[in-house]
1. Inside the stretch 47-72, can you point out the residues that are without any contact (Cβ under 8 Å) to a residue 12 or more places away in the chain and either surrounded by 15 or more Cβ atoms within 10 Å (Cβ to Cβ) or of a type outside the set (Lys, Arg) (or both)?
2. Give me the pairs: first residue in the stretch 5-33 and closer than 14 Å to Arg92 by Cβ, second residue part of a loop (DSSP other than H, G, I, E, B) and of a type in the set (Val, Ile, Thr), beta-carbon distance under 8 Å, and six or more apart or on different chains, which are they?
3. Right, Gly56: at pLDDT 95 or above and over 18 Å from the mean Cα position of the chain (by Cα) or not?
Amino acid sequence: MAAKLKKGDKVVVLTGKDKGKQGTISQVMPKEGKAIVDGVNMAIRHRRQTQTEQGGRLPKAMPVALSNLAYVDKNGKATRVGFKVEGDKKVRFAKTTGDVIDA
C-alpha cells in the first residue's frame with residue numbers, strides 16, 4: 001500500500017495526550033504502522049555521560065500510530081489524503097481542498 005504520510009509532512013495528532021498538537025514527521029516506520037513526530041509524545045530518557053556527550057535526563061520523541069495522525073492542508077486544517085493519477089504520475093492530494101501534495 002502506498003504511504004499516505006511521509007517524512008517531512010506537517011501533521012496534527014487526532015487522539016491521545018497530545019491531541020491537537022502539530023509537528024513534522026521525522027521518521028516513518030511502515031512495518032510497525034508508526035511515525036516519530038517532532039515535539040509530540042515526548043518521554044524522558046536517562047543517558048549515561050560519555051567522553052563526547054553530556055548525560056542526564058533528555059527528552060526524546062516516541063512513536064505515534066499513523067492512524068492517530070492527519071495531514072495538515074494549506075488552510076491549517078486536518079485532512080485525509082487520497083491518490084490520483086495526473087498524466088503518468090501517481091500523486092497524493094488533500095481531500096478537503098483537492099490540492100496536490102506531491103508537486
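The values are calculated or read from the model by the stated rules, or taken from the named source; none is laboratory data. All values derive from a computational prediction rather than experimental measurement. FYI the Cβ positions are ideal-geometry reconstructions off the backbone, even for glycines, and counts take in every protein chain you see.
1. Result: Gln49, Thr50, Gln51, Thr52, Glu53, Gln54, Gly55, Gly56.
2. Asp9/Ile101
3. Yes; evaluated as a whole, the condition is true for this residue.
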